1. Evaluate the Debye formula for the range 6-89 with equal point scatterers sitting on the alpha carbons, no solvent, and hand back log10 of I(q)/I(0) at q = 0.16 Å⁻¹, in q order, two decimals.
2. Indicate, rounded to the nearest 5 percent, the antiparallel portion of the DSSP beta bridges found entirely in the range 6-89.
3. Which order do the peptides 197-203, 171-177 take when ranked by the mean count of other beta-carbon atoms within 10 Å per residue, highest first?
4. On a straight-distance basis, which aspartates and glutamates could pair with Lys2 in a cross-link, Cα separation under 12 angstrom, same-chain partners fewer than 8 positions away excluded?
5. For the chain, report the convex hull volume of the alpha-carbon atoms normalised per residue, in Å³, without decimals.
6. Considering every Cα-Cα pair within the range 196-261, what fraction, in whole percent, is farther apart than 15 Å?
7. 7 Å from Cα along Cα→Cβ at both Thr223 and Met249: what's the point-to-point distance in nm?
Amino acid sequence: MKYLSVAEARAMKGLRLVLSAGLPGPWGEAAKAVLHVRNVPFLPVEQVPLQANEELVEWTGIRNAPIAIYNDEHPVAGWLDILHLAERIGSGPSLLPDDYRDRALALGITSEISSPGGLGWNRRYQILAETPEEDISAAYGKIAPPVQAKLANEYRISPEAMAAAPARIVHILDGLTGQLRRQKQAGSEYLVGDRLSVADLHWAAFSNLIAPLPHELNPMPETIRPIYGGVGPVIAPSISDELLAHRLMIFERHLALPLDF
């Protein structure tokens, strides 16, 4: 993917999407998936992971990615705000179910995957707890250790959170598997209702933080693959065949492979 600089993007209109350049960051991949399905074109803008990104902060007030900036509107960064932006400016079937209970369920499942305290956050806690500093630094490029100290305040990292992370991840994965099984019994291939929702897209995106797709489908840097895939013996049994089959179906039917980042 070819990225604009912050200076280039600021001079343009339309939707600019700030992404961690060259990395399959799950929040960024989820944002891209939502925009793809909602038929929203965007211009990718470079963010350098774990760096200060001063120009980006000066423009948006935010250091990390993803960030969506539509025309002269205020930048939005959270998954829910990006979803609502895509719902507003996009086209085609909504990613939010029409039924009230299904809508609430889809948003709740997505929050369990993507919000603070969810799958992605706890996987990040686990990675920082179990991966040597030098391996993280090497994987992400010119990043000076200590990474944990650098991120502790921003992501509310604590020894207690890191210790609790594997059990929380298992709880979420088991819940997703149970939901897929209930849906199958009801005759649906999707996590909620009878059609694609935001929950399916976020699971597909975040699944690569648990069990990365093979290199030919997900050509992530080989320094990062063992970090993303090294979930350990507590979590591995909860990566069910149903979850992996579901994410492949979502990518093949609704998104695009191989991943481009």
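1. Each listed q corresponds, in turn, to -0.52.
2. For the range 6-89, the DSSP antiparallel bridge percentage is about 50.
3. Details: 197-203: 28.6, 171-177: 18.0.
Highest-to-lowest ranking by the protection proxy: 197-203, 171-177.
4. Excluding near neighbours in sequence, the set is Glu46, Asp260.
5. Cα convex hull per residue, to the nearest whole number: 123 Å³.
6. Values: 1118 of 2145 pairs.
The share of Cα pairs beyond 15 Å in the range 196-261 comes to 52 percent.
7. Placing both labels 7 Å beyond Cα along the Cβ direction yields 3.8 nm.
Where a number appears in this text, it was derived from the coordinates with a stated rule and is not lab data. Here the structure is a predicted model, which is why all the values come from computation and not from measurement. Here the Cβ is made from the backbone with ideal geometry for all residues, glycine too, and neighbour counts use every protein chain on show.
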